[in-house]
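The values are calculated or read from the model by the stated rules, or taken from the named source; none is laboratory data. No experiment lies behind these values; they were computed from the predicted model shown. In this analysis, Cβ positions are derived from the backbone assuming ideal geometry, glycine residues included, and neighbour counts consider all displayed protein chains. Heavy atoms of the whole protein, side chains included, go into the accessibility calculation; ligands, DNA and RNA do not. Shrake-Rupley method; radii C 1.70, N 1.55, O 1.52, S 1.80 Å.
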Amino acid sequence: MPRSLITHPQGYDEFLRNLKQRIRTAQVKAVFAVNRELILLYWQIGRGILERQHGAGWGAKVIERLAADLHREFPGTTGFSRTNLLYMRAFAAAWPEEPFVQQVVGQIPWGHNLRILDLVKSPQERQWYIRRAIEHGWSRNVLVHQIESGLYRRQGKAQTNFQATLPAPQSELAQQALKDPYNFDFLTLTEDAREKELEAGLLEHLRQFLLELGVGFAFVGSQYPLEVGGEDFKLDLLFYHIRLRRFVIIDLKMGPFKPEHAGKMNFYLAAIDDLLRHEDDQPSIGIILCKSKNAVIAEYALHDATKPIGVSEYRLTTSLPSNLRGNLPTIKELEAELKKSKTRK
């Protein structure tokens, strides 16, 4: 019998709805309890290393040996690498008070803590970003964008009426904690609206910028649907350059460049050339805008690429034929516009 024809007793739908909500809330509470214990463990390990290095004269090489011994004892985990042990030591040095670690810092995933350690040097500013991340449920990518756009300086140093409560089950922070790799090692919903809103805002700003350049860009679509082999795909931005007679695909990545991004762009270019390109059109161009990139990884990823693909400022103007240069905005121009957009938010 089709599901639509099955009758339920009175009050069943409301009971099911409440039950789903309770399950989601319990999941979030459980994962944040695990996260808090994990963060406290990392802090205790870091503090132990600091105390022995300062008091007992342990040298720097002891961390390398400790990492090897812990790996032998716990071969299935990745959280006790030399790099992570060094982060634990820096983490303990940054937060000397255990109650603050338990009550506040332990509410954000380890990856959030690492980004704050790397990008923010002032203790007061670090506390501000931690509290804001909890209050607003920022994902890791949104946290990095807010730090790099100078949100702390732009909004002043006034404290909020922060209360140490769990984020809503739908918050990006909760989702990030559920998927945090260190939590997987220690013991595992989609990214919610905030990061998507940030990405959508950047894409809209970029679309307007390209159209205002007046160098021949015609807007084809945002989240342009593409069907290949019975499966659906979406292109972040698709333009047609009238003077160059080429389609231009822009793919925005909120995180750092990964090799698979180049493969996906190559797939998009092949599909567009096959499905949309007219016989008089030139081969399409792909531009990948990432939060950051490792030049070596980008070089290997694009080494044998036969289609013109630009990653950050790395390859676009050197891989394109000379008649294309000057007609397309440089990656630096695109990135500058994205930074302006983030600053205005």
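Could you grab me the full set of residues in the stretch 12-57 that are farther than 30 Å from residue 137 by Cα, modelled with pLDDT of 85 or more and of a type outside the set (Val, Ile, Thr)?
Of everything in the stretch 12-57, those that are farther than 30 Å from residue 137 by Cα, modelled with pLDDT of 85 or more and of a type outside the set (Val, Ile, Thr) turn out to be 12, 48, 50, 51, 52, 53, 54.
Do any residues in the stretch 4-32 that are under 30 Å from residue 109 (Cβ atoms) have Cβ atoms under 9 Å from those of residues that are modelled with pLDDT of 85 or more, where the two are at least six apart or on different chains, and which pairs are they?
Filtered contacts from the stretch 4-32: 32/106; 32/107.
Looking only at the stretch 53-71, count how many residues are in a helix (DSSP H, G or I) and more than 20 Å from residue 97 (Cβ to Cβ).
Looking only at that region, the number is 11.
I'm checking my understanding of the structure. Among residues of the stretch 207-253 that are among the hydroxyl-bearing types (Ser, Thr, Tyr) and under 23 Å from the mean Cα position of the chain (by Cα), which one is modelled with the highest pLDDT? Don't jump to the end; show me each part of the working.
Initial filter on the stretch 207-253 (among the hydroxyl-bearing types (Ser, Thr, Tyr)): 222, 224, 240.
Remaining after also requiring under 23 Å from the mean Cα position of the chain (by Cα): 222, 224.
Numbers: 222: 85, 224: 90.
Here the residue is 224.
Look at the stretch 78-99 and say how many of its residues are of a type outside the set (Val, Ile, Thr), open to solvent by 40 Å² or more (accessible area, probe 1.4 Å) and assigned to a helix (DSSP H, G or I).
The number of residues fulfilling the criteria is 8.
Quick check, is residue 75 modelled with pLDDT of 90 or more, open to solvent by 60 Å² or more (accessible area, probe 1.4 Å), of a type outside the set (Gly, Ala, Ser) and in a loop (DSSP other than H, G, I, E, B)?
Taking the combined requirement at face value, the residue does not satisfy it.
Could you please give the count of residues in the stretch 224-238 that are open to solvent by less than 80 Å² (accessible area, probe 1.4 Å) and assigned to a strand (DSSP E or B)?
Residues in the stretch 224-238 being open to solvent by less than 80 Å² (accessible area, probe 1.4 Å) and assigned to a strand (DSSP E or B): 8 in total.
Please enumerate the residues belonging to the stretch 118-155 that are of a type in the set (Ser, Thr, Tyr), surrounded by fewer than 18 Cβ atoms within 10 Å (Cβ to Cβ) and within 19 Å of residue 104 (Cα to Cα). Give the steps one after another, and end with the answer.
First pass over the stretch 118-155, keeping only residues of a type in the set (Ser, Thr, Tyr): 122, 129, 139, 149, 152.
From what is left, the residues that are surrounded by fewer than 18 Cβ atoms within 10 Å (Cβ to Cβ) are 122, 149.
Across the stretch 118-155, the qualifying residue is only 122.
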